Amino acid sequence: IVLTSSLSAQKLWVNAFAGLANYAGDLQGRPFTFSQAKFAYGAGVSYEVSERVFVRGGLTFGKVAADDKKNNKNTIRNLNFTSPLSEGHVAVEYYLVNLTEHSISPYIFAGVAVYGFNPYTHDTSGKKIFLKPLSTEGEGFYPNRQNYKLTQFAIPFGGGIKMALNENVRIGLEYGLRKLFTDYLDDVSTTYVDQNLLLANRGPEAVALAFRGNELKNGSTYPADGAKRGGIHKDWYYFGGLTASFRLGANSGGGSGSGFLSNKKGSKLGCPTKIY
């Protein structure tokens, strides 16, 4: 019983992540960039199904932000946002080569995730204002525009490269995209609504933050109902950074997690062979 428990534990790994978060959407000038990226971090566990297939679960936290002043996409609009991100995901990793026999291996992953976000900005006095309750594009009262949810599903996928320092410690680099099913991560999606309609339903603060071009020197007035405010494509967010993995139940004698006693011939890491 003790041996079985030990071998099972050796199939579990603890993972840590630290890097950057960014997003692709209406307020970001380029789809993939380090510009305006924010710090992100996470932790989780992996189960070693085989030497090249792992199932992992984890939590990742970060922040995304963008400002029209910092890109050339739509400076007249003069919008900006920041949103915290919290994500839980389950994914499958596939390694192109066996890390018990090689020092380095590329890998890919894909899975499912649930994430939370909550875009906000600051008004001209510096006060923090959450944008969803303002319905800046008429969500909830304009025809065919529903309120968006702050907790949603996503599809995470990506890849990286991992190095085995020894049998029980691995470090790497990872880049992961999140396919979203909303265009409101940045609270910008479709067209402007009539400012009088917005004023009547959500008040002057909503009007002031739906279009901020009038805050600029030589700024313009609030656009007409139906004028373009955002694009038609869904938003994305992505993480990139360093990873570290540590085997649970490791002992000084090593072991690959499948019940090992003697070293495997030719193994670069001195990994033992299986008992059949």
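Rank these by accessible area, largest first, 1.4 Å probe: 123, 225.
On the way: 123 40, 225 80 Å².
In descending accessible area the options line up as 225, 123.
So what is the 222 nm mean residue ellipticity for the chain from helices alone, if each DSSP H run of at least 4 adds -39500 (n - 2.57) and you divide by all residues, rounding to the nearest 500 deg cm²/dmol? All intermediate terms of the calculation are to be shown ahead of the outcome.
Working: 3 runs with 23 residues, N = 276.
Result for the chain, helices only: -2000 deg cm²/dmol.
Only Lys, Arg, Asp and Glu count, each charged at its Cβ (+1, +1, -1, -1), so figure out the dipole size of the stretch 1-112 about its Cα centre, rounded to 20 debye.
Working: 10 positive and 8 negative charges, 97 e Å.
Computed about the Cα centre, the dipole is about 460 debye.
Let me check something: with ligands and nucleic acids excluded, how do 79, 199, 150 order by accessible area (1.4 Å probe), largest to smallest? Walk me through the numbers on the way to the answer.
Values: 79 10, 199 80, 150 50 Å².
Sorted descending by solvent-accessible area, the residues read 199, 150, 79.
Apply the Karplus curve 6.51 cos²θ - 1.76 cosθ + 1.60, θ = phi - 60°, to the phi angles in the stretch 106-112 and return the couplings in whole Hz, x for Gly and Pro.
In residue order, the calculated couplings are x, 8, 10, 8, 7, x, 10 Hz.
Under a 5 Å amide H to amide H cut-off, with H placed in plane at 1.01 Å, what residues pair with residue 66 once short-range neighbours are removed?
81
Sort the following peptides by mean Cβ neighbour count (other Cβ atoms within 10 Å, averaged over residues), highest first: 56-67, 88-99. Don't jump to the answer; show the numbers that get you there.
On the way: 56-67: 19.7, 88-99: 17.0.
Answer by packing, highest mean first, reads 56-67, 88-99.
Here are labelled values, [x] 78, 34, 30; [y] 72, 43, 34; [z] 54, 40, 36, and one is the computed Cα extents along the principal axes in Å for what I pasted. Which one?
[x]
Residue 151 to residue 101: FRET efficiency via 1/(1 + (r/R0)^6), r the Cβ-Cβ distance, R0 51 Å, to the nearest 0.05? Can you show the working numbers first?
Working: r = 42 Å, r/R0 = 0.83.
The pair residue 151/residue 101 has a calculated efficiency of 0.75.
Work from the charge dipole of the stretch 18-115 (Cβ charges, +1 for Lys and Arg, -1 for Asp and Glu, about the Cα centre) and give the residue of 84, 102, 27 farthest towards its positive end.
27
What is the dipole size for the stretch 184-242, taken about its Cα centre, with +1 at each Lys and Arg Cβ and -1 at each Asp and Glu Cβ, in debye to the nearest 20? Let's see the in-between values first.
Details: 6 positive and 7 negative charges, 26 e Å.
Value, rounded to 20: 120 debye.
Lys/Arg Cβ at +1, Asp/Glu Cβ at -1, dipole of the chain taken about the Cα centre: which of 177, 204, 12 is farthest positive-ward?
12
Placing unit charges on C-beta atoms (Lys and Arg positive, Asp and Glu negative, everything else neutral), compute the dipole magnitude of the chain about its Cα centre in debye, rounded to 20. Please list the in-between numbers first.
Working: 30 positive and 21 negative charges, 119 e Å.
With Lys and Arg at +1 and Asp and Glu at -1, about 580 debye.
Calculate one ³J(HN,Hα) per residue across the stretch 127-132 by plugging θ = phi - 60° into the Karplus curve 6.51 cos²θ - 1.76 cosθ + 1.60, and present them in order as whole Hz with x for glycine and proline.
6, 6, 10, 6, 8, 4
Rounded to whole Hz and in sequence order, give me ³J(HN,Hα) for the stretch 161-177 from the Karplus expression 6.51 cos²θ - 1.76 cosθ + 1.60, θ = phi - 60°, writing x for Gly and Pro.
Once θ is set to phi - 60°, the couplings for the stretch 161-177 become 9, 10, 10, 8, 6, 7, 5, 10, 9, 9, 10, x, 10, 9, 10, x, 9 Hz.
Kindly rank 11-21, 227-237 from highest to lowest mean number of other beta carbons found within 10 Å of each residue.
Output ranking for 11-21, 227-237: 11-21, 227-237.
Which order do the peptides 214-220, 36-42 take when ranked by the mean count of other beta-carbon atoms within 10 Å per residue, highest first?
Numbers: 214-220: 9.9, 36-42: 17.7.
The packing order, highest mean first, is 36-42, 214-220.
The values are calculated or read from the model by the stated rules, or taken from the named source; none is laboratory data. Predicted, not measured: the structure shown is a model, and the values here were computed from it. Note that each Cβ is placed from the backbone with ideal geometry, even for glycine, and that neighbours are counted across all protein chains shown. What goes into the accessible areas is simple: the full protein's heavy atoms, side chains included, and nothing from ligands, DNA or RNA. Shrake-Rupley method; radii C 1.70, N 1.55, O 1.52, S 1.80 Å.
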